[in-house]
Every structure is written in structure tokens, then in C-alpha cells.
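Report on the structure given below.
What follows is calculated from the coordinates using simple rules that are stated; it is not laboratory data. This one's a predicted model, so the numbers in the text were calculated from it and none came from an experiment. In this analysis, Cβ positions are derived from the backbone assuming ideal geometry, glycine residues included, and neighbour counts consider all displayed protein chains.
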Amino acid sequence: MGNQRFIAAKASQMSRQEWNDVVLKAEEGTFFHSYDWSKVLTDYGTREERYEPRHIFIRNHETSELVGILPLLFTAKHRLVSLPYGDYGGPCISPNVNRAEVLEVIFNEVERIAQKEAKIIFIKSPPQDYLQWLSLHGYIKTPENYTFILPTQRETLDSLWEKFHRGPKQCVRRAKKKGIAVEEAFQQDLIKEYYGIYVENMKRLGASIRPISFFETLWNLLAERRLMKLFLATYQGEYIAGVIAFPWKNTLHLYANASLEEFRDSGSNYIVCYAAVEWAFRNKFDVDFGLSPLDKNSGLYQFKERWGGASKLLFSASKNYMGATDRLSMWALKNVLSKHLPRRVKKLVRALRS
């Protein structure tokens, strides 16, 4: 049952500050582990009937200190996910405790929840040492995505520029020459301008489109706390490209870059990302370009690779369960079969039911 020094705590006893303190201290803590991202998901999910929180919190029984968090959402498809719509998930554990002990208590709680209601647990991009632990405890490790990390804090703008491949340089120059400018959005109504670009971009890619309520929730919960940036490219008074970014700890995480098709050849999608890189440099943040597919020939992979960041392969960890819904389905199937099968088979079915 795990080490009794560490016990599960109730979510109702958790404050935003206490939660975020653990994430800020933990080396593996990202913006997507934060209280604020989970608040976005639960507020949005409550309205859209998509997600319910199943977050797990672990305290040191002797000191009452919060030492571990697993942000976890239960989806309509009976999945436990850490974390939906995010690039990273998994546990965050304070650096001053034994990780293996806390992991054991966290995943004992996961087992308890999963056996009641889940078909699968899916953890996005946990760090390698957690992946190793999970692999030893029945989780399947699967390569999912790449990301690219561009360090800026020991650079100058000129040295960063030299790291870029030829494509971004040419596109940024072309955009500036054409008169495309970039501004940071400070008004909520600009979310609608961004959303129009986003929708056209996703339709062109044939990808699923998130409702505007998701982006409005991002703005309402994050912008005032300075946890969200929105950079918009403009041309002759029209908004033509945009990128959302989340500053957290020492990393600016780029999220949902989009541009209008008619302006792609003008470098609009490059100049808006370059503005985000400039902001990161001036404010002493490294840049995480977000998820790219495993296919290195894909346009998205090549777009992000060209900024000169170091590639990083990200894995998921997943585990299937015989959840409550499966057990009910199996019970119903056995009842149906028992009514229609010959007597000899019915005996076998009764044995299965016992």
C-alpha cells in the first residue's frame, strides 16, 4: 500500500499556491502541470461535458507538506488522461523526497480510481525516469511526438538569428519587406480575430477544431495572471496569423500557431513565431516549440526544426484496465447468452458468472 509517510490528500484541501509551488520546484514541472491549466480544462470541460477532475495529491503525513501531484482528468470515453489538450503530463514530485516512494502512493490511487471507472490511463510526455518506473509497473511506453527546445538565455539576438535555418530567415525578411507587423494582444475581443484564423488553418489541415469557448476560457483564466501571450500578425489592418504562448518558469511554450492560407507565402507564420522568440529572449525564457509529429517529412516537423532548437523525442505511458463499464458490459453479455444457448453451454456460462 505504499510508504505510510506519504498519504493521499483531498482536492478540496488544495490551494492554487500550494499546487503551483510543487510544480515550480519540481524539475519536471511544466505549465501544463500547473493549477491554472487544470482550471482551464475543468472550467471548459464542465460547460462542454467533456472532463471531470480526478487529480491526485500526496502529502507527507508527518509534516503535512504537499509533495506530489498527478493532474488527471476523466473523459467521457472513460479515459483517465494527464493531460488533455496539453503537451506534457504525469506526476510532479518535490525534489526533497524519495520519488519512488511517492510514485508508489500516487499510482496506488490511480489503480483505485481506474478499477472503478476507467478503461485506460494515458500519460503524455512524462520524463524518462518516470517512464522507466511506469514501464516496470505495467505501463506501455510509446513514442508519440517530437518537440524542439531553443535556449536563449546565453545568446544574443544575432547569435539566435544565426541558429535559424535559411527558411525562417528568408520568411521573416520577406514578411517585414511586405509590411507585415506583429503586435501582442491585450484585448479579449482579439481572441475572435485569432479564432477565425485558427478555424481556417485547421480546416485546411483537415484537423479537428476546438470551439471558441476553449480559447475564451484560456484568455479569461490566464491573461490577467500573465500566463498567456497572444501574438498577432497584421497586414493592411487585417489579422493574418497568430500564435498563443504560455510563459512558465524559464520556458515560453508555443501553442496553436495558425495563419491564413493566402498569406503563408508572405512569411506570416514565421514572423509571428519570430516575435515570440524575441519576446522570450528579452524576458530570459527559452522556447519550447510544442508538439511535432514523428514523421520527419511532415510540414509541421520541418517548420519547427528550422528554428535551430534541439529535438527531443517524447513518449506516452498507457495502461488498460477492466473498468467498471467493461464489467457491466460483460455481465450483460453473459445474461443474454445464457437465455439463448443450449443447456450444456448454459452450464459453462453459469460457471463464468460465478
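Worth pointing out:
- Each principal axis of the Cα cloud of the chain was evaluated for its coordinate range; sorted largest first, these ranges are 82, 54, 36 Å.
- Taking a point 7 Å from the Cα of LYS203 along the Cα-to-Cβ direction, the residues of region 237-274 with backbone N closer than 12 Å to it are 261.
- Size of charge dipole - the chain - debye, nearest 20, with Cβ of Lys, Arg +1 and Asp, Glu -1, no other charges: 1840 debye
- Top positive-direction residue, dipole computed over the chain with Cβ charges, set ILE240, LEU150, SER64: SER64
- Sparsely packed loop sites in region 126-202 (the trypsin sites (Lys or Arg not before Pro) outside DSSP H, G, I, E and B with at most 16 other Cβ atoms within 10 Å) comprise ARG154.
- Amide H partners (placed H, <5 Å) of ALA118, local residues excluded: ALA324
- Cα centroid separation - region 145-202 against region 10-43, whole Å: 28 Å
- Our estimate of slack between ARG264 and ARG282, defined as 0.36 nm per intervening residue step minus the Cα-Cα distance, is 3.8 nm.
- Relative exposure of ILE244, ILE93, judged by other C-beta atoms within 10 Å (fewest first): ILE244, ILE93
- Residues in region 234-241 carry Karplus couplings, in order, of 10, 9, 6, x, 10, 7, 10, 7 Hz; the curve used is 6.51 cos²θ - 1.76 cosθ + 1.60 with θ = phi - 60°, and Gly or Pro positions show x.
- Amide hydrogen proximity for PHE315: with H placed 1.01 Å from N in the peptide plane, the residues at 5 or more positions away or on another chain lying under 5 Å are SER125, GLU144.
- The H on the amide N of ASP286, modeled in the peptide plane, is under 5 Å from the matching H of THR152, THR251, LEU252, each at least 5 residues off or on a different chain.
- Of the trypsin sites (Lys or Arg not before Pro) found in region 271-318, the ones in coil according to DSSP and having at most 15 other Cβ atoms within 10 Å of their Cβ are LYS284, LYS296.
- Computed [θ] at 222 nm, deg cm²/dmol, the chain (DSSP H ≥ 4; -39,500 (n - 2.57); rounded to nearest 500): -12500 deg cm²/dmol
- ³J(HN,Hα) computed for each position of region 291-303 - Karplus, 6.51 cos²θ - 1.76 cosθ + 1.60, integer Hz, glycine/proline x: 6, 10, x, 5, 5, 6, 8, 6, x, 5, 4, 5, 4
- Set of lysines with alpha-carbon distance to LYS25 below 29 Å, sequence-local pairs under 8 removed: LYS10, LYS39, LYS124, LYS141, LYS229, LYS249, LYS284, LYS304, LYS312, LYS319
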